[in-house]
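Here's the structure, in structure tokens; my notes come after.
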Amino acid sequence: MMRKGILLIFLVAFITGIPTSVNAQCKQFAKKTCKVGLNPYQHDGNYHAALLIEGEEAELYKTFYSDTEYRIGVCGAGNLNAIEFKIVDSNGKVLYNNKYQDYDWKWDFRLESSQQLKIVIKVPVSEDTMENPEEGCVAIMFGFQDE
Amino acid sequence: MNNKLLGSGRILILLAIFISFAVTGCKTGTKQDANSSDAEEEFDSSLDENTQKKFQTAKRIFYSLPSPVETARILKQAGATYHEDILNPIDNSSGYITNLSMALNLGIYTTDLSYASLFDQTQVTLNYIEVAKKMADGLNIMDAISESTIQRLEDNINNRSIIIDIISETLLNSSSYLSEKGLESTATIILVGGWVEGLYIATSLVGDDPIKDNDIVQRIVDQKLSVDFMVSLLEEATDDPDAQSVLNDVKDLKVIFDKIKITQGENTVETDPETNVTTLKSSSSNNLTKKVYYELASKVNEIRNSYTL
């Protein structure tokens with residue numbers, strides 16, 4: 001009875017420890033892989049990363065300021081296919097879609113007027129993993145530099 | 001025996017549900033901008049309907065708030081000058097003993113630090129990184145600002161680019177650590193503190209100057225675009241009384257920002273084939289009046305003083 005109790009405690013400790021460990025991996029991925037790629041743009045210091053499953057979509061809203069040059073980087077872990085992303089303005093107009101740029105992970109742009117933009121991302125589904133979709137870290141990072 | 005097994009099974013199911021929420025660590029929701037969905041093309045899918053249904057999940061929604069580094073940068077770009085007397089004095093730091101005051105002032109001091117470093121104020125930069133570390137340590141944000149971070153800053157004190165990189169790294173360390181621990185609302189409060197400080201610096205610099213054709217005033221108006229994101233993020237943190245307290249302040253500012261109407265023109269997209277940099281060509285205008293501006297400046301002053309004094 002006592003052994004079962006100890007086993008259960010270990011099980012609970014192990015399972016509840018998973019999120020921290022997985023999030024720590026995601027953090028390292030964002031820092032070591034994605035942030036580095038922003039160079040020569042200056043990272044803004046914000047952290048946006050999460051575990052996504054193949055087929056899953058996410059949206060990120062951000063205000064971008066005029067007279068600043070930005071780099072948006074959308075990075076997926078190695079076990080995922082290249083991440084699809086598009087940039088949409090507040091009128092719903094698609095300003096950029098990386099599927100027309102060979103799924104480039106980054107986009108550099110500047111704005112003549114400050115505005116909110118939406119970044120829509122999707123983890124593509126691989127035919128090989130349809131039965132057991134892969135899950136991996138996806139990070140969205142922003143860099144800027146003065147014009 | 002069977003009942004015991006059933007009990008263990010229930011625990012495991014509950015754990016699995018808990019984990020699925022903890023791992024995602026972000027908001028979920030349905031697509032918010034119904035109006036844009038008509039014009040916005042959907043992602044292509046070559047999958048059959050059944051497979052699509054299988055992968056269909058609630059779309060996750062994130063909001064990115066302006067960081068202290070970004071706030072200070074846009075102010076300098078708008079022609080801001082350096083005035084040390086408007087910073088939050090480091091001596092005030094000993095009075096910040098609650099989690100709320102430490103989180104708000106970590107954001108405030110980081111904006112002050114970014115502002116000072118952009119104007120090459122080396123000694124102020126060193127003083128403010130120390131006080132920001134004190135706030136981060138008080139919040140138990142491990143290694144957000146380590147001794148080696150401070151040493152690196154000292155070693156590169158005359159290299160503005162590296163200093164800004166170090167400050168942005170400390171922000172990333174803080175927000176990723178808090179996200180890892182499921183404390184996203186604290187990360188939001190830090191950013192709101194930094195944002196309010198940016199507004200305070202901006203309105204202090206404008207003073208009694210005319211608001212028409214004033215670039216700093218334009219940057220203040222731009223902040224209307226981020227207020228709704230802050231409200232959404234803070235509203236998610238229903239179980240955090242600190243976040244709810246800050247939410248009330250942000251809502252007070254939103255009431256005033258809502259009196260300003262920003263008209264955004266249509267974007268046209270132009271990409272330079274040599275640099276591969278795209279320009280979004282558009283114009284915008286607003287109807288800010290003197291009365292609304294001073295109402296906003298007064299509210300910013302009131303909220304900022306309630307955070308720092």
**Request:** Restricting attention to helices (runs of 4 or more DSSP H) lying wholly within the range B:118-235, give those where 2 or more residues are surrounded by 23 or more Cβ atoms within 10 Å (Cβ to Cβ).
**Result:** B:122-138, B:160-180, B:184-206, B:215-222
**Request:** Search the range B:66-114 for residues being open to solvent by less than 50 Å² (accessible area, probe 1.4 Å) and charged (D, E, K, R), and hand back the single one that is modelled with the highest pLDDT.
**Result:** B:112
**Message:** Looking only at residues that are touching a residue at least 24 places away in the same chain (Cβ under 8 Å) and under 17 Å from the mean Cα position of the chain (by Cα) in the range A:88-114, which one is farthest from the other protein chains (Cβ to nearest Cβ)?
**Reply:** A:105
**Prompt:** Listed residues B:300, B:292; which is of a type in the set (A, V, I, L, M, F, W, C), surrounded by fewer than 21 Cβ atoms within 10 Å (Cβ to Cβ) and either in a helix (DSSP H, G or I) or touching a residue at least 60 places away in the same chain (Cβ under 8 Å) (or both)?
**Reply:** B:292
**Prompt:** Can you pull out the residues in the range A:49-64 that are out of contact with any Leu (no Cβ under 6 Å at 6 or more places or on another chain) and either open to solvent by less than 30 Å² (accessible area, probe 1.4 Å) or free of Cβ contacts under 8 Å to residues at least 12 places away in the same chain (or both)?
**Reply:** A:49, A:50, A:51, A:52, A:54, A:55, A:56, A:58, A:59, A:60, A:61, A:62
**The listed residue being polar (S, T, N, Q) and in contact (Cβ under 8 Å) with a residue 60 or more places away in the chain, out of B:175, B:117, B:148, B:168** = B:168
**Message:** What pairs come out if I take residues in the range B:203-215 that are more than 21 Å from residue A:112 (Cβ to Cβ) and pair them with residues that are aromatic (Phe, Trp, Tyr) whose C-beta lies under 7 Å away, six or more apart or interchain?
**Reply:** B:211/B:293
**Item:** Filter result (within 21 Å of the chain's Cα centre (by Cα) and open to solvent by 50 Å² or more (accessible area, probe 1.4 Å)) within the range B:255-281
**Value:** B:255, B:258
**Prompt:** Is at least one residue of the range A:61-73 touching a Ser or Thr at 6+ places or on another chain (Cβ under 7 Å), at pLDDT 95 or above and within 11 Å of residue A:144 (Cβ to Cβ)?
**Reply:** yes
**Request:** Can you give me the number of residues within the range A:106-128 that are open to solvent by 10 Å² or more (accessible area, probe 1.4 Å) and farther than 30 Å from residue B:219 by Cβ?
**Result:** 6
**Asked** Out of all the residues in the range A:24-34, which are surrounded by fewer than 21 Cβ atoms within 10 Å (Cβ to Cβ) and touching a residue at least 40 places away in the same chain (Cβ under 8 Å)?
**Response** A:25, A:29, A:33
**Residue in the range A:71-79 that is closer than 17 Å to residue B:64 by Cα and at the interface with chain B (Cβ under 7 Å from one of its Cβ atoms) present** = no
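Is the range A:121-131 home to any residue that is in a strand (DSSP E or B) and under 22 Å from residue B:273 (Cβ atoms)? Let's see the steps before the verdict.
At the first step, the residues of the range A:121-131 found to be in a strand (DSSP E or B) are A:121-122.
From what's left, under 22 Å from residue B:273 (Cβ atoms): none.
Looking through the range A:121-131, none of the residues is in a strand (DSSP E or B) and under 22 Å from residue B:273 (Cβ atoms).
The values are calculated or read from the model by the stated rules, or taken from the named source; none is laboratory data. Note that this is a predicted model, so its numbers are computed, not measured. As a convention, Cβ positions derive from the backbone with ideal geometry for all residues, glycine included, and neighbour counts pool all protein chains shown. Accessible surface areas use protein heavy atoms only, side chains included; no ligands, DNA or RNA. Shrake-Rupley method; radii C 1.70, N 1.55, O 1.52, S 1.80 Å.
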